[in-house]
Structures are given as C-alpha cells and as structure tokens.
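Trainee: My questions all concern the structure below.
Any read-out appearing in this document is the output of simple, stated calculations on the displayed coordinates, not a laboratory observation. Keep in mind it's a predicted model, so treat the numbers as computed, not measured. Note that we place each Cβ from the backbone using ideal geometry, even for glycine, and neighbour counts take in every protein chain shown.
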Amino acid sequence: MRIERAVLREVPLELKKPFRTSHGPVRRRRVLLLTLQGEGLEGWSECVAGVDPSYTAETVDTAWHVLTDFVLPRVVGHSVQGPEQVLRPVEWVRGHPMALAALEMAAWDLDARCAGVSLAAKLGGERTEVPVGISLGLSTSRAELLEAVGSALDEGYERVKLKIERGREHDILSAVRDRFPKATLWADANGAYTLADTGRLRALDALALGLLEQPLAHDDFLDHARLQKELETPVCLDESIRSARDTALALELGSCRVVNLKPARVGGHAESRRIHDLLRGSGTPLWCGGMLETGIGRAHNLALASLPGFSLPGDISASGRYWERDIVSPEHEVRSGTMCVPAGPGIGVAVDLERIEALTSRSAAYP
Ligand code: OSB
Ligand code: MG
C-alpha cells in the first residue's frame, strides 16, 4: 500500500452541552481529521487530543506540531506492507501517542478499504453489534444529575458512568444509587484522589459500583495496587495504560481489575490488539473508552470493540449524544443498548467532506 498523499484538517465543533470533569468544562473540540490517500482510495481518522493538557500531556496543538513537522513528511510518498508498518519511520518519536495513532488508524482504514473489507473484520472483530454505555459529566445540580441518568437509562444504555469530584463522590453516587437501585453504575475520577483518600473511596463499596475508574494519579501503578487491596469495588485504569507493557505491569502488580482501552491513548489499533490479546488470557475484563469523538473516531472504536475480548459495554455513545449533527452518515445510533459495527469497507461510514471543508479552520497537505 502506497501512501501518496495526506491531508490534515482542524475542524472546530461545539458540543451540544458542556462536558464537565474535575478539570473543568469542555465546551468544544478542535478535531484534527487526517486523510491518507493511496491506491485510489482514502483512509480517515481523527486525533482525539484535547484543547488543553489535562487528560494527558498532549493537546491539539502538540499533535498538529508532531504530525506536520515530524510524522507526515516522513511517511507520505512511501509504501508500507500494512498498517502495522506505517509508524516504522517515526519509531524514534517519544510520546505523542494520540498524534501517532491518528496516522496509524487512518492507515488501518485505508488498508481495509484496499482489501474491500470492514475495519472490524481486518482487526479480527467478530461481533456485528456491541453493547454500549454512556459517560455523564459532572452536573450542576442533583436534579440535573438524576434527570441525565434517567434519560440515559431510557435511551437504553447498558450502564452509566458518572464523573466524580473529590469531596462530592458520595453525594453524587448515593443520590443516583438511591433513585436507580438496579442500574449498573460506574464512576470515573480522572485521577482526583490520593492514597490518603482510601477511607472515602472505601465508603463507595456500599454503593455496588461496577468499577471505579482512574482514582489515583495518571502515572501511578503502585498506589493503585495498594488501593485495590483495600477496595471491594474493582479499580479500572484509563490514563495509566499507555501500552501493552503498562498493561502487563498493572496485571502483575494488581493495580486494577478492569481495563479501559482507548486506541488513541496507546498509539493505535496494533497496540490495542496487543493489549486485547494480553488481557484475553488473564480474565481481566476490557472495554473501549471514548474521547468525545465525532462519528469518525466512534467508527474506529466500534470496529475495535467488535473484538471478542471486549467484555464490558464501551463509552461509545450515539452521534446525537455530543453533536447536533455528526460529520458522518449514517449517524451512529443506539438501539436496545447496542450499536451496530459498520459493515461496509473500512470504517464503514461516509464522511461529509463538503461540510468538513466548510468548517475547516486550518489544513496542511503532503506533498
Ligand atoms: O476519562 O474517560 C475519560 C472524555 C474525554 C476525556 C476523558 C474521558 C472522557 C469520557 C467521555 O469519559 C467518553 C465519551 O463519551 O467519549
Ligand atoms: Mg476515564
């Protein structure tokens, strides 16, 4: 497969409603869309880096810098045997997994299209639909929180993940548990606690949460292992897991009992599959996380989540969860708690290029 041309575009998109985490509200995304052209076809991906470095160190602007100054000039014009090889010329780049994943994932889409098969099939996916959940940001009032959980459950989501904030975790989660005694509830702390908070986190055991995501620092494996020993609630790692090696470390130390896998956080689909394969034999449940993606990133996540080792519902919500109008058609929809894995070639959704071009704030093309 020859990569003849690459186009990187920045597309600012407003979220329907701000998504609040303990780091503050996210009101809009500056989505980087990457198109790779070759063999008369196009592969698409989106870079999920945020506007600020609060989730990981990467931002939209660091990803733009790394892709345009180091990565794209070194891969365009070259042939690769498959998407697993596309990052070879930039193996020396340290960090920046979201920037690198944008390239790698677009190459997977292009490769699947060249073969005339779906990305899901190319990756080894087996399911035609996947169970999904929803991630709800912090609410401004208890009424708003209960209303949001109620509508998510009405829409059929299999489980609800709630963002929590240090000091308010018990109020938030017990309010929801009291009102929805049977719902599957997860909590995501985005690293807001330290081991000194073990007592307050142990108090959550009484609320029968499915898991507690990333309670401690983004780069900490040892304290997560110490905390997990004190908790009945399974700890799930998100930010901490950047590679298959991190996953092996977490398993060995007992830092978590569940893993959230986001392909962009680990540098793409190939590393995601290594993590999937590693966990499959371990009995540790795995699920696919989300990064407020447009329909392009969601299509990639759906393809990945169709692999057999994804045993819990992902944060892969419908297009209408975040967007008035998505940039793909058909839009992604949730039906009885599941979403369809697109079956057409590649990511299996059509990209609305006309609208993307109208919204583009900057672009770079190679050559
Ligand atoms: O921690 O899982 C997270 C969104 C942006 C950054 C980090 C996270 C999230 C979410 C939303 O929880 C997941 C989604 O619906 O895309
Ligand atoms: Mg998370």
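Trainee: Could you work out the local net charge near Glu14, counting Lys and Arg as +1, Asp and Glu as -1, over the other residues with Cβ closer than 10 Å to its Cβ?
Mentor: Computed value for this residue: +4.
Trainee: Let me ask you something else. Below 8 Å, C-alpha to C-alpha, sequence gap of six or more: please give me the relative contact order for the chain in percent.
Mentor: Reported as a whole number, the value is 22 percent.
Trainee: Follow-up. Residue by residue through region 50-55, what is 3J(HN,Hα) from phi via Karplus (6.51 cos²θ - 1.76 cosθ + 1.60, θ = phi - 60°)? Round to whole Hz and write x for glycine and proline.
Mentor: Once rounded to whole Hz, the list reads x, 6, 10, x, 8, 8.
Trainee: If I take R0 = 45 Å and measure r between the Cβ atoms of Arg94 and Leu146 in this structure, what FRET efficiency does the formula 1/(1 + (r/R0)^6) give, to the nearest 0.05?
Mentor: 0.50
Trainee: When the Cα centres of region 26-98 and region 114-182 are compared, how far apart do they sit, in Å?
Mentor: Between the Cα centre of region 26-98 and that of region 114-182, the gap is 28 Å.
Trainee: Using only the Cα atoms of the chain, each taken as one equal point scatterer with no solvent, compute I(q) by the Debye sum, divide by I(0), and report log10 of the ratio at q = 0.08, 0.13, 0.14 Å⁻¹.
Mentor: Taking Cα atoms of the chain as identical point scatterers yields -0.37, -1.00, -1.17.
Trainee: Run through all the Cα pairs of region 161-275 and give the fraction in each 5 Å bin from 0, expressed as whole percent.
Mentor: Answer for region 161-275: a P(r) of 2, 13, 23, 23, 18, 11, 7, 3, 0 percent.
Trainee: To continue, here is another question. Just to confirm the filter: which trypsin sites (Lys or Arg not before Pro) across region 261-367 are DSSP coil and have at most 14 other Cβ within 10 angstrom of their Cβ?
Mentor: Those that pass, being in a loop and sparsely packed, are Arg325.
Trainee: In Å and whole numbers, how far do the C-alpha atoms of region 203-251 stretch along each principal axis, longest first?
Mentor: Principal-axis extents of the Cα atoms in region 203-251, largest first: 33, 17, 17 Å.
Trainee: Test of understanding: express the Cα radius of gyration of region 141-196 as a ratio to 2.2 N^0.38 Å, with N the residue count.
Mentor: So the Cα radius of gyration is 1.15 times the expected 2.2 N^0.38 Å.
Trainee: Give me Asp178, Asp109, Asp197 sorted ascending by neighbouring Cβ count inside 10 Å, so fewest comes first.
Mentor: Ascending number of Cβ neighbours within 10 Å: Asp178, Asp197, Asp109.
Trainee: Assigning unit charges at the beta carbon (Lys, Arg +1; Asp, Glu -1) and nothing else, what dipole magnitude in debye, to the nearest 20, does region 230-340 show about its Cα centre?
Mentor: Computed charge dipole of region 230-340: roughly 280 debye.
Trainee: Could you state the angle between the C-alpha long axis of helix 269-280 and the longest principal axis of the C-alpha atoms of the chain, as a value from 0 to 90 degrees rounded to the nearest 10?
Mentor: The answer is roughly 40 degrees.
Trainee: According to the square roots a ≥ b ≥ c of the eigenvalues of the Cα gyration tensor, what is the shape class of region 47-168, taking rounded for a/c under 1.5, prolate for a/b larger than b/c otherwise, and oblate for the remainder?
Mentor: oblate
Trainee: If we count every other residue with Cβ under 10 angstrom of Gly254's Cβ, Lys/Arg +1 and Asp/Glu -1, where does the sum land?
Mentor: +2
Trainee: Now, a different point. Counting only residues 5 or more places away or on other chains, whose amide H sits under 5 Å from the amide H of Leu15 once H atoms are built in the peptide plane?
Mentor: It is Arg28, Arg29, by chain and number.
Trainee: What FRET efficiency, computed as 1/(1 + (r/R0)^6) with R0 = 25 Å and r the Cβ-Cβ distance, is obtained for Ala206 and Arg226, rounded to the nearest 0.05?
Mentor: 0.75
Trainee: What fraction, in whole percent, of alpha-carbon pairs in region 100-158 exceed 17 Å separation?
Mentor: That fraction is 61 percent.
Trainee: Let me check against my output: what whole-number percent is the relative contact order of region 161-222, with C-alpha pairs under 8 Å and at least 6 apart?
Mentor: Here the relative contact order equals 39 percent.
Trainee: Test of understanding: extend the Cα→C-beta vector of Ser79 to 7 Å, then name every residue of region 94-121 with backbone N under 17 Å from that spot.
Mentor: Under 17 Å, as judged by backbone N against the label point of Ser79, lie 111, 114-115 of region 94-121.
Trainee: For Asp315, Asp352, what's the fewest-to-most ordering of other Cβ within 10 Å of each Cβ?
Mentor: So the residues, fewest neighbours to most, are Asp352, Asp315.
Trainee: Given the pairs Lys122/Lys262; Lys16/Lys122; Lys16/Lys163, which are separated by over 23 angstrom at their Cα positions?
Mentor: Check vs 23 Å cut-off fails for Lys16/Lys122.
Trainee: Another one. Taking only Cα atoms, what is the 0 to 90° angle, nearest 10, from helix 295-305's long axis to the longest principal axis of the chain?
Mentor: Rounded to the nearest ten degrees, it is 70.
Trainee: Report the full-extension gain for the segment Val7 to Ser336: residue separation times 0.36 nm, less the Cα-Cα distance, to one decimal in nm.
Mentor: 114.7 nm
Trainee: Add -39500 (n - 2.57) for each DSSP H run of 4 or more in the chain, then divide by its residues: what number comes out at 222 nm, to the nearest 500 deg cm²/dmol?
Mentor: Using -39500 (n - 2.57) per qualifying helix, the result is -9000 deg cm²/dmol.
Trainee: Counting only DSSP beta bridges with both residues in the chain, what percent are antiparallel, rounded to the nearest 5?
Mentor: 60 percent
Trainee: Starting from the Cα-Cα distance between Ala115 and Glu155, subtract it from 0.36 nm times their residue separation and give me the gain in nm to one decimal.
Mentor: Working it through step by step, the gained length comes to 10.8 nm.
Trainee: Under 8 Å for C-alpha pairs, at least 6 residues apart: give me the relative contact order for region 288-348, rounded to a whole percent.
Mentor: Contact order relative to length: 39 percent.
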